[in-house]
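Asker: Input: one structure, supplied below.
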There are 2 protein chains.
Amino acid sequence: MPAVSRPTSKDVAHEAGVSQSTVSLVLGGKWNGRVSPATVRSVRSAAERLGYRPNQAARNLRLGTTRTVLLMVPTLSAPFFGPVYTGAARVASQHGFGVVVSTWPDDAAGPADGPFAAPQEAIDGILASSMAVEALGEFRGTPAVMLDSGPDGAIPTVDFGVADGMRAIAGHLTGLGHRRIGHVAAGVDQWTFHARAAALAAVVADLPGGVLTRADCAIDVTAAKDAATRLLTAADPPTALVCDDDLIAAGAYKAARALGLDIPSDLSVTGFDDVLLATALEPELTTVRLPAGELGAQGMTALLDLLAGHHPAPRVLPGELVVRGSTTTPRTG
Amino acid sequence: MPAVSRPTSKDVAHEAGVSQSTVSLVLGGKWNGRVSPATVRSVRSAAERLGYRPNQAARNLRLGTTRTVLLMVPTLSAPFFGPVYTGAARVASQHGFGVVVSTWPDDAAGPADGPFAAPQEAIDGILASSMAVEALGEFRGTPAVMLDSGPDGAIPTVDFGVADGMRAIAGHLTGLGHRRIGHVAAGVDQWTFHARAAALAAVVADLPGGVLTRADCAIDVTAAKDAATRLLTAADPPTALVCDDDLIAAGAYKAARALGLDIPSDLSVTGFDDVLLATALEPELTTVRLPAGELGAQGMTALLDLLAGHHPAPRVLPGELVVRGSTTTPRTG
DNA sequence: GTCCGGAAGTGGTACGTATGACCGGTCGGG
DNA sequence: CCCGACCGGTCATACGTACCACTTCCGGAC
C-alpha cells in the first residue's frame with residue numbers, strides 16, 4: 001500500500017483557493033463562459049503543481065459508465081488474435097475507451113476447462129469472439145458485439161466472408177486442374193469452420209470428377225501433420241490439401257516432407273488467415289488473408305455505435321486470396 | 001445506455017427484508033458469527049433471484065484499491081508477448097486480480113510514435129516490458145516491476161538469462177567447429193540485445209581464429225533477409241549466422257535460399273526465443289527457448305509480492321538451448 | 001429483580017467526483 | 001429607481017459500497 005495518497009480535487013481546490021466544484025468544472029472542460037480565464041489558469045497550475053490525476057473509480061461511480069469494454073477471445077498466445085486486439089484497442093483509444101481482455105485460462109482447449117478470468121472492473125460493453133459465446137451468459141444485459149460468429153438475429157455481428165474466401169481457394173485449385181482435394185479441417189464446432197467446409201464441399205460437388213476427402217484435427221502443427229499424413233497415405237491421395245488455418249498448413253508441409261513429397265510440384269497446399277507464418281514457410285503459402293486487425297477495429301466501431309444507441313448493421317469483411325508459391329498445376333498422370 | 005439499471009445491494013436488502021449493511025456483510029463473507037444462517041440463506045437467495053452483481057466502481061472507490069494491474073508491452077501482434085500476457089493473467093486471476101493491457105498504438109516502431117493507450121481504470125500496479133520504460137513516467141509513484149530490463153536498483157526486475165543463453169549458442173557453434181560467425185542483430189537499443197551481443201562477442205574473442213561480423217536490422221522477416229544477405233555476400237562469409245530472434249532467423253533462411261545455400265550443410269543458423277515459428281521452419285530451428293509465459297507469471301508474482309508490502313528479490317529465468325536441425329559442422333575447406 | 005454479555009443486525013458515514021440548484025454582485029434598459 | 005439578466009462561482013447532493021459504532025433482544029448469573 002502506498003503510504004502517500006494521491007491528491008484529490010479538493011486538494012487542488014484548496015491550493016487554488018476555489019471550491020471543489022470549480023475544479024471539476026475547469027478540469028472537465030465544461031467552463032465555457034462559467035469561469036473566468038484567470039481562475040482557469042490558477043486551477044490548472046494548481047493541478048499541475050500537485051500532480052493531480054482524477055480518481056477513475058469515483059468518476060466511474062458518479063457517471064455510471066466506465067468507458068471500458070471487455071474483449072473476449074480464446075487466447076492471445078496464438079498468432080491470430082493479437083492483431084484483433086490491436087485493431088480493437090486502437091479504435092477504442094481514439095474514442096477515449098479502454099480495453100480489458102479476458103481469455104481462456106492457461107490456453108486451455110475450451111471454456112469447459114475453466115471460466116474466463118472475470119475482469120475486476122465494471123465494463124460498458126463486450127466484444128466477443130465466437131469462441132467465447134458460451135461465456136457471454138455471465139454478462140446478460142450488457143451490450144455486446146460478436147466477431148466471426150455468423151449472422152445472428154439478436155446480437156450485432158462482424159464477420160469475415162469465409163465462404164467467399166474458401167470459394168476463391170477452391171476456384172484457384174480447380175482452375176489449376178486439381179480434382180482430388182483433401183480438406184485438413186479444424187475439428188472445432190464453430191460457425192466459421194462449418195461455413196468453410198460447406199463452401200468447399202459445394203465447389204467440389206459441382207466439379208466433374210471432383211473428389212473431396214477430409215481429416216479433422218486441432219489447430220496445432222503436430223496434430224495437423226498427423227491428419228495430413230492420413231489423407232496423403234490413403235489410396236488415390238489428393239493432389240492438393242486445403243487447410244483451415246495457416247498453422248494447419250504448416251503441419252501439412254511437415255507431412256509432405258516426411259513422405260518425400262515436394263511442394264508444390266507433388267502437392268499443392270493452401271492455408272487460411274495469412275498470419276506471419278505464411279511467408280516464413282518455404283515455399284511461401286498460398287492462403288486467404290483475413291484482416292484480423294480490421295476485424296477488431298470494425299467490431300469495436302460497431303460496439304461503440306451500439307453504446308451510442310445506434311443499432312449497427314451486420315458487417316462482413318472480405319477475405320483476399322493471396323497466391324504464393326505453394327500451389328501449382330497437378331503432376332499429370 | 002441500457003434502460004434497465006442493475007440491481008444494487010439496497011435492492012437485494014429490500015428483497016430479503018434486511019438492511020443494506022447486512023447484505024454487504026453476507027456477500028463480503030465477513031459474517032462469521034455476526035449473522036444467522038437463516039438470514040445468510042435469505043440474502044443469498046435474494047441476490048441470486050435479482051441477478052445482483054456488485055458495482056465494481058463503487059467498491060473500488062470505497063476500498064481505495066482496484067485489484068487490477070496494468071501490463072505494458074510494445075505489442076500483442078508479435079508472437080512473443082502473447083504468452084507473456086497469458087502467464088501474467090493466469091497468476092493475476094489466481095489472486096483475484098484483473099489485468100489491463102497497454103501497447104504502442106498501431107504497432108508503431110516505438111513509444112515516440114505516440115503514447116501508450118492510457119487505461120480508463122485506476123490501477124494498483126504496473127508490470128512493464130523494458131520496451132515500455134519511457135512510458136513509465138506517467139505513473140510515478142505506482143508500484144512497478146520491470147520485465148527483461150536488466151538489473152535495476154530502484155525497480156524490482158525479472159529477467160531472462162540471455163547472456164548465458166547466448167553463450168550456450170556460441171559454445172554449441174564453436175564446439176561444432178565454426179570460426180567465422182555472423183551476428184544478425186536486432187537494431188534495438190535495449191538491455192537484452194546489448195547483453196546478447198556482448199556475450200557473443202566475448203566468446204568469439206576468446207576463440208583462436210574466431211571472426212565475428214555483424215549486421216543490424218529491425219525485428220522483421222524482410223529486414224532480416226537483407227541484413228543476412230549483406231553478411232553472406234561479404235568476402236570470406238561466415239559459416240554460421242547467430243540471429244537475435246526467431247523472426248530474424250526466418251529472414252536468414254530466406255537469404256540463404258535466395259543465395260542457393262543449404263541449411264545446415266552450407267550454413268548453420270540459430271535463433272532466439274523459440275516461438276511457434278521455430279518448429280515450422282524447415283529445417284527446424286536451433287534456438288534458445290525463453291519461457292515467455294513464465295516471465296509473465298514470475299513478473300506478476302513479483303508485482304503481487306510488492307503490492308503486499310514485500311520487496312521481491314530480482315529473479316532470473318534461465319534460457320534453454322534447443323538443438324534442432326539448423327546447425328551442424330561447417331563444410332570443410 | 002437487576003445486571004451482564006453475547007448474538008444478530010442496523011444506522012450512518014465516507015470514499016472522490018460531477019452537476020443541478022442556488023446566490024451575490026454588477027450593469028443596462030425602461 | 002427598480003427589475004431582470006448575466007457573470008462568476010459555490011453548495012449540496014447522489015452515485016453504491018464497506019465498515020465502525022451502536023442498538024436491541026434475550027438468556028442466564030447473582
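The values are calculated or read from the model by the stated rules, or taken from the named source; none is laboratory data. Remember, it's a predicted structure, so these values are computed and weren't measured experimentally. Note: ideal-geometry Cβ built from the backbone for every residue, glycine included; neighbour counts use all protein chains shown. For the accessible areas, the whole protein counts, side chains as well, though only heavy atoms, and no ligand, DNA or RNA atoms are used. Shrake-Rupley method; radii C 1.70, N 1.55, O 1.52, S 1.80 Å.
Asker: Being more than 9 Å from every other protein chain (Cβ to nearest Cβ), under 26 Å from residue A:52 (Cβ atoms) and either at pLDDT below 90 or surrounded by fewer than 22 Cβ atoms within 10 Å (Cβ to Cβ) (or both) narrows it down to one residue among B:111, B:119; which is it?
Answerer: B:111
Asker: A further question follows. Can you name every residue in segment B:323-333 that is open to solvent by less than 40 Å² (accessible area, probe 1.4 Å) and either among the polar types (S, T, N, Q) or in the same structural domain as residue B:86 (by TED's automatic domain parsing) (or both)?
Answerer: B:326, B:327, listed by residue number.
Asker: Do we have residue A:69 as over 24 Å from residue A:23 (Cα atoms), away from DNA strand C (no atom under 16 Å from the Cβ), in a strand (DSSP E or B) and modelled with pLDDT of 90 or more here?
Answerer: yes
Asker: Now a separate question. In this structure, does residue B:57 turn out to be in a helix (DSSP H, G or I), within 16 Å of DNA strand C (Cβ to nearest atom) and facing another protein chain (nearest Cβ under 9 Å)?
Answerer: So residue B:57 fits the description; yes.
Asker: Which residue pairs have Cβ atoms under 6 Å apart, sit 6 or more places apart or on different chains, and have a first residue in segment B:207-222 that is over 25 Å from residue B:189 (Cβ atoms) and a second that is open to solvent by less than 70 Å² (accessible area, probe 1.4 Å) and of a type in the set (Ser, Thr, Tyr)?
Answerer: B:207/B:174
Asker: Moving on. Wholly within segment A:251-333, which strands (runs of 3 or more DSSP E) include no fewer than the required count, namely at least 1 residues that are touching a Cys at 6+ places or on another chain (Cβ under 9 Å)?
Answerer: Because the criterion is at least 1 residues that are touching a Cys at 6+ places or on another chain (Cβ under 9 Å), the strands (runs of 3 or more DSSP E) in segment A:251-333 that meet it are A:268-270, A:287-289.
Asker: So which residues in segment B:292-303 are open to solvent by 20 Å² or more (accessible area, probe 1.4 Å) and more than 11 Å from chain A (Cβ to nearest Cβ)?
Answerer: Listed by number, the residues that qualify are B:294, B:298, B:301.
Asker: Among (1) surrounded by 11 or more Cβ atoms within 10 Å (Cβ to Cβ); (2) within 11 Å of DNA strand C (Cβ to nearest atom); (3) farther than 30 Å from residue B:306 by Cα, where does residue A:40 come up short?
Answerer: (2)
Asker: Further question: Would you please name the residue that is nearest to the other protein chains (Cβ to nearest Cβ), looking only at residues in segment B:248-258 that are of a type outside the set (Lys, Arg) and in contact with a helix residue (DSSP H, G or I) (Cβ under 6 Å, 6 or more places away or on another chain)?
Answerer: B:250
Asker: Next question. Residues of segment A:241-250 being part of a loop (DSSP other than H, G, I, E, B) and open to solvent by 10 Å² or more (accessible area, probe 1.4 Å), which ones?
Answerer: Passing the criteria: only A:245.
Asker: Got a number for residues in segment B:8-37 being under 40 Å from the mean Cα position of the chain (by Cα) and crowded, with 18+ Cβ neighbours inside 10 Å?
Answerer: 4
Asker: While we're looking at this one, here's another question. Taking residue A:76 and the conditions (1) at the interface with chain B (Cβ under 10 Å from one of its Cβ atoms); (2) open to solvent by 60 Å² or more (accessible area, probe 1.4 Å), which numbered condition does it fall short on, given that it satisfies the others?
Answerer: Only one criterion is unmet by residue A:76, namely (2).
Asker: Right, another one. Select from segment B:218-235 the residues that are part of a loop (DSSP other than H, G, I, E, B) and either touching a strand residue (DSSP E or B) at 6+ places or on another chain (Cβ under 7 Å) or open to solvent by 70 Å² or more (accessible area, probe 1.4 Å) (or both) and list them in ascending order.
Answerer: B:219, B:233, B:234, B:235
Asker: Pick from B:180, B:214, B:196, B:167: which is among the basic types (Lys, Arg), modelled with pLDDT of 95 or more, out of contact with any Leu (no Cβ under 6 Å at 6 or more places or on another chain) and open to solvent by less than 40 Å² (accessible area, probe 1.4 Å)?
Answerer: B:196
Asker: Looking only at segment A:1-37, which residues are more than 30 Å from residue B:311 (Cα to Cα) and charged (D, E, K, R)?
Answerer: A:10, A:11, A:15, A:30, A:34
Asker: Still on this structure, please answer the following. Of the conditions (1) within 30 Å of residue A:98 (Cα to Cα); (2) in a helix (DSSP H, G or I), residue B:26 fails just one. Which one is it?
Answerer: If we test residue B:26 against (1) within 30 Å of residue A:98 (Cα to Cα); (2) in a helix (DSSP H, G or I), just (1) comes out false.
Asker: Are there any pairs with C-beta distances below 7 angstrom linking a residue in segment B:60-80 that is aromatic (Phe, Trp, Tyr) to a residue that is more than 16 Å from DNA strand D (Cβ to nearest atom), with the two at least 6 apart or on different chains, and if so which?
Answerer: Hits for this filter: B:80/B:273; B:80/B:275; B:80/B:292.
Asker: Let me ask something else. I'd like the residue in segment A:43-54 that is of a type in the set (D, E, K, R) and more than 13 Å from DNA strand C (Cβ to nearest atom) and, out of all such residues, is surrounded by the fewest Cβ atoms within 10 Å (Cβ to Cβ).
Answerer: Ranking the qualifying residues of segment A:43-54, first place goes to A:48.
Asker: While we're looking at this one, here's another question. Just to verify a result, which residue in segment A:60-71, among those that are more than 7 Å from every other protein chain (Cβ to nearest Cβ) and crowded, with 22+ Cβ neighbours inside 10 Å, is farthest from residue A:28 (Cα to Cα)?
Answerer: Restricting to residues being more than 7 Å from every other protein chain (Cβ to nearest Cβ) and crowded, with 22+ Cβ neighbours inside 10 Å, the top hit is A:71.
Asker: Next question. Look at residue A:173 and say whether it is under 16 Å from residue A:269 (Cα atoms), of a type in the set (A, V, I, L, M) and either buried (at least 22 other Cβ atoms within 10 Å of the Cβ) or within 27 Å of the chain's Cα centre (by Cα) (or both).
Answerer: Considered against the rule, which asks whether it is under 16 Å from residue A:269 (Cα atoms), of a type in the set (A, V, I, L, M) and either buried (at least 22 other Cβ atoms within 10 Å of the Cβ) or within 27 Å of the chain's Cα centre (by Cα) (or both), residue A:173 comes out as yes.
Asker: Still on this structure, I have one more. Could you list, in sequence order, all residues of segment A:1-43 that are of a type outside the set (Ser, Thr, Tyr), within 14 Å of chain B (Cβ to nearest Cβ) and within 11 Å of DNA strand D (Cβ to nearest atom)?
Answerer: Selection gives nothing.
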